Amino acid sequence: MFEALPDAKPDAILALMQEFRADTRTNKLDLGVGVYKDGEGKTPVMKAIKSAESKLIDTQETKAYVAPTGSAPFCSAMIDLVFGADADKTRIRAAQSVGGSGALRVLADLMRRSRPDAKIWVSDPSWPNHIPLLGAAGFELARYPYYDVNTGKADIDAIIGSLSTAASGDIVVLHGCCHNPTGADLSQDDWNKIIDVMLEKELFPFVDIAYQGFGKGLEEDAMGVRLLAERMPELVVAASCSKNVGLYRERVGAAIVMGRNEAEATRAFGSLTTVIRSNYSMPPDHGANATEIVLTDGALNTQWREELESMRVRMVGLRKTFSDAMRKRSNSDRFDYIAEQNGMFSRLPLTPAQIDTLRNDHAIYIVGDGRINVAGLPEGSIDELADAICNVIAESEQS
Ligand SMILES: Cc1ncc(COP(=O)(O)O)c(C=O)c1O
């Protein structure tokens with residue numbers, strides 16, 4: 001049976017995590033992993049979620065199936081979170097999904113049923129898993145340049161230039177906020193320019209929002225989705241609760257469709273249900289149920305928002321401290337962009353050889369494209385980290 005299968009290529013980030021675990025040096029530092037970490041290097045269960053889970057265990061009386069699209073109140077709370085409590089929900093429908101990845105995949109499958117010849121445009125760079133995930137749905141992929149390494153900002157002219165060459169009906173994947181891996185987000189003006197091109201070229205927006213609440217705040221981070229919902233006739237959104245509710249392994253997310261009218265939204269939702277049913281039948285319940293509680297229970301909702309906000313503020317502070325340390329050590333402003341970006345990631349302008357030296361000689365683990373997880377920055381020894389990075393850059397620039 002299995003003789004014809006190729007050897008699987010290991011996922012670069014997962015392979016780096018394995019190498020880190022096996023490293024016996026006590027001073028090792030993991031800046032590669034894609035999960036939030038607190039000051040002790042832990043990824044704790046949020047307190048609001050712990051309380052919701054206790055409540056759930058005390059009150060749940062059955063483990064019978066829910067539905068292919070999961071819990072309706074969870075879905076409704078997710079629409080409120082992403083589109084805003086005041087949004088017109090008559091043409092928006094959501095299905096509970098197996099994390100943000102599951103939402104990306106079922107939405108891609110849904111659109112492939114409707115538009116098999118469309119190309120799907122993904123930013124370059126992007127979250128590496130976008131490529132196999134969306135490619136596996138059968139779409140031909142195209143890339144649009146996203147990032148200007150010289151400014152540390154999104155390169156709006158390059159984005160517009162590239163999307164202007166897309167064909168009518170093509171699908172464009174946009175990171176809702178906290179772009180992974182660059183941390184460079186679109187301004188309101190940038191979003192409007194992209195929407196202008198999408199309207200002119202009749203492109204279809206596919207938003208991936210995996211870090212709502214990690215950038216500028218829960219409401220602020222939804223600005224792009226909400227502008228799209230206001231100005232575009234239709235769109236889809238893959239929302240993840242892995243990061244902002246901290247439920248990574250429980251696999252919680254939502255696949256959301258907004259149709260041109262109520263009838264089309266209902267039709268799209270019907271097909272989405274069929275896609276899910278023919279794939280894994282039903283999503284897992286526990287994490288979504290706990291999330292539903294923190295999104296709808298007044299006191300737990302307040303507690304969750306406060307916890308999320310303190311994580312966000314911690315990351316903003318770490319960005320500033322690290323950027324200041326890099327400014328001092330490098331005697332230049334080339335790393336100032338780190339403080340201006342959003343979310344959990346930034347990209348350092350490091351060569352593969354410099355990344356290897358940091359890992360081999362300093363036990364500092366950074367993903368091969370220079371992506372660092374700012375939540376993993378060591379609060380007490382950021383100056384030492386900046387020293388190591390700047391020394392490695394300076395040494396290799398001299399040689
Ligand atoms: C940009 C982006 N989208 C989607 C996801 C999917 O997350 P999950 O499937 O864990 O919810 C991630 C996770 O790292 C991500 O970075």
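Quick note: the coordinates plus some simple rules give every number you see, no bench work behind them. Fair warning: this is a prediction, and the values are worked out from it, not measured in the lab. Because the Cβ atoms are built from the backbone with ideal geometry, glycine has one as well, and the counts that use them run over all protein chains shown.
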> What are the residues whose amide H is under 5 Å from the amide H of Trp127, where those residues sit 5 or more places off or on another chain and H is modelled from the backbone?
Replying inline: Asn180
>> Can you give the FRET efficiency to the nearest 0.05 for Arg305 and Glu262, using r as the Cβ-Cβ distance and R₀ = 45 Å?
In response: 0.90
>> Can you give the local net charge around Phe204? Use residues other than it whose beta-carbon is closer than 9 angstrom to its beta-carbon, Lys and Arg +1, Asp and Glu -1.
In response: -2
> In degrees between 0 and 90, to the nearest 10, how far off the longest principal axis of the chain does helix 286-296 point, with axes built from Cα atoms?
Replying inline: 90
> Tell me, what is the FRET efficiency for Asp88 and Asp11 to the nearest 0.05, using R0 = 35 angstrom and their Cβ-Cβ distance as r?
Replying inline: 0.30
> Can you list the residues, at least 5 places off or on another chain, whose amide H is less than 5 Å from the amide H of Val207, using H built in the peptide plane?
Replying inline: Leu174, Val236, Val237, Ala238
> How large is ³J(HN,Hα), in whole Hz, for each residue of the stretch 15-23 in order, when computed from phi with the Karplus curve 6.51 cos²θ - 1.76 cosθ + 1.60 and θ = phi - 60°, using x for Gly and Pro?
Replying inline: 5, 5, 4, 5, 4, 4, 4, 6, 6
> Where does helix 99-114 land angle-wise versus the long Cα axis of the chain, in degrees 0 to 90, nearest 10?
Replying inline: 50
> Just how far, in whole angstrom, is the stretch 373-399 from the stretch 63-130 if you go by their alpha carbon centroids?
Replying inline: 39
>> Between Asp148 and Glu61, what is 0.36 nm times their sequence separation minus the Cα-Cα distance? Round to one decimal in nm.
In response: 26.0 nm
> Once label points are set 7 Å from the Cα along Cα→Cβ at both Glu3 and Arg249, what is their separation, rounded to one decimal in nm?
Replying inline: 3.9
> Counting alpha carbon pairs within less than 8 Å and at least 6 residues apart, what relative contact order, in whole percent, applies to the stretch 65-296?
Replying inline: 30
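Suppose R0 equals 25 Å; then what is the FRET efficiency for Glu40 and Val313 from their Cβ-Cβ distance, rounded to the nearest 0.05?
Between Glu40 and Val313 the formula returns 0.90.
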>> Using each residue's phi in the stretch 60-69, evaluate 6.51 cos²θ - 1.76 cosθ + 1.60 at θ = phi - 60° and report the 3J(HN,Hα) Karplus result to the nearest Hz, with x for Gly and Pro.
In response: 6, 10, 8, 10, 5, 3, 9, 5, x, 9
>> I need the shape label for the chain. Rule: rounded when a/c is under 1.5, else prolate if a/b > b/c, else oblate, with a, b, c from the alpha carbon gyration tensor.
In response: prolate
> In sequence order, what are the phi-derived ³J(HN,Hα) couplings for the stretch 200-209 according to the Karplus relation 6.51 cos²θ - 1.76 cosθ + 1.60 with θ = phi - 60°, rounded to whole Hz, with x for glycine and proline?
Replying inline: 5, 8, 6, 9, 10, x, 10, 8, 10, 10
> Residues in the stretch 160-181 near a label at Met232, defined as backbone nitrogen under 13 Å from the 7 Å Cα→Cβ point?
Replying inline: 169-177
> What relative contact order, as a whole-number percentage, does the chain give when Cα pairs under 8 Å and 6 or more residues apart are counted?
Replying inline: 24
> So how far apart, in nm, are the two label points at Ser332 and Asp196 if each is 7 Å from Cα heading toward Cβ?
Replying inline: 3.4
> Okay, helix-only estimate at 222 nm for the chain: each DSSP H run of n ≥ 4 adds -39500 (n - 2.57), divide by all residues, round to 500 deg cm²/dmol; what do you get?
Replying inline: -14500 deg cm²/dmol
> Within the stretch 209-251, what residues put their amide N at less than 13 Å from the label point 7 Å along the Cα-to-Cβ vector of His286?
Replying inline: 247-251
> Which angle from 0 to 90°, rounded to the nearest 10, does the C-alpha axis of helix 47-59 make with the longest principal axis of the chain?
Replying inline: 40
> In nanometres, what is the gap between the two model label sites at Asn360 and Gln398, each 7 Å from Cα along Cα-to-Cβ?
Replying inline: 1.9
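When you count, for each residue, the other Cβ atoms within 10 Å and take the mean per peptide, how do 349-358, 233-242, 122-131 rank with the highest first? Don't skip to the end; give the middle numbers.
On the way: 349-358: 16.3, 233-242: 23.6, 122-131: 19.1.
Top to bottom by mean Cβ count within 10 Å: 233-242, 122-131, 349-358.
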